[in-house]
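The values are calculated or read from the model by the stated rules, or taken from the named source; none is laboratory data. Quick caveat, the model's predicted, so the values are computed rather than measured. Ideal geometry is used to build each Cβ from the backbone, glycine not excepted, and the neighbour counts take in all protein chains shown. All accessible areas refer to the heavy atoms of the entire protein, side chains included, with ligands and DNA or RNA removed. Shrake-Rupley method; radii C 1.70, N 1.55, O 1.52, S 1.80 Å.
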Amino acid sequence: MIYLQLYWAFFKIGLLGFGGGMAIIRLISDSIQQFVAMTPAEFANIVAIAQVTPGPVAVNTATYVGYVSAGVLGSAVATLGVATPAFILVSLACRFINKHRENRTLDAALRGVRPATVGMIAAAFITIGKPAFLTTTRLGSNVPALLAVLPANVDVIAILIAALTVYLIAFKKVKSFRVLIIMGILGAILGA
Amino acid sequence: MLLELFVTFFKLGLFTIGGGVAMIPILRDKMVNEKQWFTDEEMVDLFAVCQGLPGVIAINMATYVGFKRRGFLGSLVSTVGVILPSFVIILLIAQGLAAIGDNPIIMGALGGLRAAAVGLIIVAVWQVARTVMKGPVATAGAVLSFVLIAFLHVNVAYVVLAALIAGIVIDKVRGQAQ
């Protein structure tokens with residue numbers, strides 16, 4: 001029963017994948033061989049697509065691998081599998097925190113974890129920023145004259161778009177969805 | 001309310017490339033400023049719990065917000081909302097219906113969104129750091145966890161566990177000192 005196997009495999013991945021995105025993708029790459037014959041290069045392609053398409057990278061990868069293994073139902077099962085542990089654990093954590101809000105040890109533990117949150121987000125900047133900025137497939141292919149004067153293995157336009165995003169959201173208080181739409185349109189005009 | 005949750009998370013899933021962490025400033029914007037469902041401090045706890053637990057961070061956040069607002073049903077609706085765009089887009093690509101790799105306009109739009117996601121993450125670092133890093137101990141903890149995860153490639157689970165224990169130990173030491 002491939003669907004049950006897929007669900008269980010992705011359930012385990014959701015349960016053991018600490019740190020989100022890339023950690024989960026490593027787990028997926030370790031466990032897909034039982035479902036579908038895929039070379040490391042083929043898997044790398046899937047991950048590359050998952051990273052440039054909207055949505056959480058881990059969900060995108062799970063959907064893709066599920067589809068390749070067992071069609072549309074396979075992708076539904078894989079995605080549900082990776083989501084289920086999160087669902088259970090987070091609901092339990094919410095309930096626990098609500099119930100013991102006044103507990104001193106829980107409060108102290110949470111105070112310990114909060115600074116680590118900053119570290120985790122800053123680390124994500126490196127994981128996501130590196131492939132977006134240091135790439136030879138740069139933005140701006142619709143304007144070859146511009147690309148000719150810019151360095152070849154750094155995406156200067158991507159860096160400018162990121163900087164503009166920070167400026168608009170943090171300093172100009174423009175709504176983030178609006179900024180995203182602007183940057184999407186800007187990218188479409190410039191081409192890639 | 002349920003529809004509001006669904007729409008919010010559907011938009012998050014549709015517009016953020018790069019996953020959960022890039023969603024942080026948008027989610028904060030929506031939850032703290034626009035809808036006023038959470039305070040800044042509550043948002044930091046949300047991020048701490050969602051990053052500390054295993055699983056896809058975006059799904060963790062959707063479940064957390066949904067659960068806090070409308071219990072089980074709320075978390076279900078939010079999670080489906082954040083997953084649905086991914087699901088549909090990936091299925092289209094996997095079936096070869098969209099040859100996106102060859103289209104400079106679509107690739108450009110995606111590239112623009114991806115670059116913006118990096119900007120969002122910078123905003124997220126700043127927003128969360130501003131709320132959390134009050135005092136030398138918290139600042140040291142933030143810097144140390146960053147170095148451990150980003151440069152020494154220590155598993156996030158161990159960093160979270162160490163931070164949990166450090167929080168409890170520091171509290172005990174301070175309690176005795178008083």
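Selection within the stretch A:159-179: residues that are open to solvent by less than 60 Å² (accessible area, probe 1.4 Å) and more than 18 Å from B:Val125 (Cβ to Cβ). The member of this set that is nearest to the other protein chains (Cβ to nearest Cβ) is A:Phe177. Given the conditions (1) open to solvent by 20 Å² or more (accessible area, probe 1.4 Å); (2) not in a helix (DSSP H, G or I), which single one is not true for A:Leu139? So A:Leu139 meets the others, but not (1). Just so you know, in the stretch B:123-148 the residues that are more than 7 Å from every other protein chain (Cβ to nearest Cβ) and in contact (Cβ under 8 Å) with a residue 40 or more places away in the chain include one that is surrounded by the fewest Cβ atoms within 10 Å (Cβ to Cβ), and it is B:Thr131. Taking the conditions exactly as written (within 14 Å of B:Gly19 (Cβ to Cβ) and within 21 Å of the chain's Cα centre (by Cα)), does A:Asn60 satisfy them or not? So A:Asn60 passes the test. Residues in the stretch A:89-107 include at least one that is of a type in the set (Lys, Arg) and farther than 21 Å from B:Gly66 by Cα.
Answer with yes or no whether A:Leu73 is surrounded by fewer than 18 Cβ atoms within 10 Å (Cβ to Cβ) and at pLDDT 85 or above. When the stated conditions are applied, A:Leu73 passes them.
Outside the structural domain of A:Leu6 (by TED's automatic domain parsing), free of Cβ contacts under 8 Å to residues at least 40 places away in the same chain and open to solvent by 70 Å² or more (accessible area, probe 1.4 Å): is that true of A:Ala109 in this structure? No; evaluated as a whole, the condition is false for this residue.
Take the conditions (1) open to solvent by less than 70 Å² (accessible area, probe 1.4 Å); (2) at pLDDT 90 or above; B:Leu161 misses just one of them, which is (1). One residue stands out among those in the stretch A:46-102 that are more than 7 Å from chain B (Cβ to nearest Cβ) and hydroxyl-bearing (Ser, Thr, Tyr): the one that is farthest from A:Ser29 (Cα to Cα), which is A:Thr84. Across the stretch A:148-156, not a single residue is classified as facing chain B (nearest Cβ under 8 Å), crowded, with 16+ Cβ neighbours inside 10 Å and out of contact with any Lys or Arg (no Cβ under 9 Å at 6 or more places or on another chain). Of the helices (runs of 4 or more DSSP H) lying entirely inside the stretch B:12-122, the ones with 3 or more residues being open to solvent by less than 30 Å² (accessible area, probe 1.4 Å) and under 30 Å from A:Thr136 (Cα atoms) are found at B:20-28, B:57-94. Looking only at the stretch A:27-60, count every residue that is in a helix (DSSP H, G or I), without any contact (Cβ under 8 Å) to a residue 12 or more places away in the chain and under 26 Å from B:Phe9 (Cα atoms) and tell me the total. Matching residues across the stretch A:27-60 total 3.
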